[in-house]
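The values are calculated or read from the model by the stated rules, or taken from the named source; none is laboratory data. In this text the structure is predicted, and so the values were computed from the model without any measurement. Glycine also receives a Cβ, built like all others from the backbone with ideal geometry; neighbour counts cover every protein chain displayed. These accessible areas exclude ligands, DNA and RNA; they are computed on the full protein's heavy atoms, side chains included. Shrake-Rupley method; radii C 1.70, N 1.55, O 1.52, S 1.80 Å.
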Amino acid sequence: MASGKCFRYLIFVLTSVCVASVKIGLSGVETPPGPAMFVLGDSSVDCGDNNPFNGLFHKNLSRFPCNGSDTTLLPQLLAKRMKLPYTTPFYSQNGSIDRILGGLNFGSAEASILSPRSRNYQSLNQQLRQAFETIQLLQLQLGESTANAFINSSIFYLSFGKDDFTDFFHNNSLGNSGFDFAHILVEQMTNGVRSLYASNVRKIVCAGVVPLGCAPQALLLKSGGNGVRKACLDDVNKVVSYYNRRLEGNIAGMDRQLGDARVVFCDVYEGVMEFIDHPDKYGIKDVRNACCGVVRDGKVSGCVSTEMACQEASTHVWWDLQNPTPAVNSLLAQSAWKWWMDTKLVVLPASDDGDVVSSPPEEGPSVGVNAADTEIHQTQVGTKN
């Protein structure tokens, strides 16, 4: 099981955010509402309402890739616990400076690292371009110095790769080509992170890909919809794991090289595998089937209507064919928060009634990486190790 060091890094990042927030000021303009979170990614960060073409061109995977809203997804859950503002979907912010200062979600439910094959997809480069244009708008409205201070203190959360792999696994036979494809994706993500750094972003969280070989879509397609299937497809998971490890290594390297930045990798793969390997520990009864997704006439269909969802989503690992349930996301977020509380690494935020926020009673799995080579200790807060 991974050690949780990813989120130790993340808390260090957020500690720096809290310190930086008191340093941001505007000349003759109202002070921004503190640092924010900016999100880029796929259905792991967006429920489908941030794509102008989603209602017209969505594929047969899932029109509703989560149960509820973006608030049930990992980046929003983390932002809420850390008292960062809710990130507004990019296509609904209308250029409002107030909304931008609260953070934006550039993510799209169907998004890929590589150039998309259809209009309903948005690529990593498209979302990066939207982020860069947003930074430029802030510089024009607030002044370059103030805008850069705000961007420096804010968190940029990236989560891509799932749709690239899904498309690849459907159209190619696995083998060495799978690892070659993963290598291409890693290089593109690495370039994206460097581009953000070049635009004055200094706090970047890059999430890995969940174990797609255990997701209902891969299992159903492999079995031809006849219900006879393994718990996980090892050949698929090996490629996804290779991608995660290579990306983790590149992220760790950039974190060491970019002395004024914190660049961290979060291994959600290991977190989801914890639920699959030990379901009873977390009250999970079904680790294979989607709560919202069906097989008809040998064809796989995702969650095209929330009315087709199961009654107890909290007992499932998978919401639809390849996205975790809100319960799984919530437990992953609780794991990060619990580590923060237990280590007393920073002064904890106060609740509305003035009391210190307490740790939630539930326990989730540790979510992190294996290759992080530095522990974050209380004496290191505010410094780059």
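Confirm whether Val304 is open to solvent by 20 Å² or more (accessible area, probe 1.4 Å), among the β-branched types (Val, Ile, Thr) and modelled with pLDDT of 75 or more.
Yes: the conditions hold for Val304.
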(message) If the requirement is being touching a helix residue (DSSP H, G or I) at 6+ places or on another chain (Cβ under 9 Å) and either closer than 18 Å to Gln126 by Cβ or touching a residue at least 60 places away in the same chain (Cβ under 8 Å) (or both), which of these qualifies: Phe181, Phe150, Phe168?
(response) Phe150
(message) Among the numbered criteria (1) within 13 Å of Phe38 (Cα to Cα); (2) touching a Gly at 6+ places or on another chain (Cβ under 6 Å), which one does Ala109 miss?
(response) (1)
(request) Quick one: Leu212 ticks every box in (1) within 12 Å of Val239 (Cα to Cα); (2) without any contact (Cβ under 8 Å) to a residue 24 or more places away in the chain except a single one, so which number is it? (result) (2)
(request) Could you list, in sequence order, all residues of segment 229-281 that are over 17 Å from Phe165 (Cβ atoms), in a helix (DSSP H, G or I) and open to solvent by 50 Å² or more (accessible area, probe 1.4 Å)? (result) Arg256, Gln257, Asp277, Asp280, Lys281
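Each row is one residue, and each column tells you yes or no for (1) at pLDDT 95 or above; (2) over 23 Å from Val205 (Cα atoms).
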position: Ala231; (1), (2): no, yes
position: Asn244; (1), (2): yes, no
position: Asn250; (1), (2): yes, no
position: Arg256; (1), (2): no, no
position: Gly259; (1), (2): no, no
position: Arg262; (1), (2): no, no
position: Val268; (1), (2): no, no
position: Gly271; (1), (2): no, no
position: Phe275; (1), (2): no, no
(message) If Ile204 meets every condition in (1) in a helix (DSSP H, G or I); (2) within 23 Å of the chain's Cα centre (by Cα); (3) of a type outside the set (D, E, K, R) apart from one, which number is that one?
(response) (1)
(message) When you check Val209 against the structure, is it surrounded by 24 or more Cβ atoms within 10 Å (Cβ to Cβ) and at pLDDT below 95, yes or no?
(response) no
(request) Search segment 136-147 for residues being out of contact with any helix residue (DSSP H, G or I) (no Cβ under 6 Å at 6 or more places or on another chain) and part of a helix (DSSP H, G or I), and hand back the single one that is surrounded by the fewest Cβ atoms within 10 Å (Cβ to Cβ). (result) Leu140
(message) Condition first: more than 21 Å from the chain's Cα centre (by Cα) and of a type in the set (Gly, Ala, Ser). Can you find one or more residues in segment 187-196 that meet it?
(response) no
(message) With the structure loaded, tell me whether Arg288 is under 29 Å from Ser199 (Cβ atoms) and open to solvent by 20 Å² or more (accessible area, probe 1.4 Å) or whether it fails that test.
(response) no
(request) Could you grab the pairs with beta carbons closer than 8 Å, sequence gap of 6+ or different chains, first residue in segment 114-127 and under 19 Å from Asn171 (Cβ atoms), second one open to solvent by less than 50 Å² (accessible area, probe 1.4 Å) and modelled with pLDDT under 70? (result) Asn120/Asn51; Asn120/Asn54; Ser123/Pro116
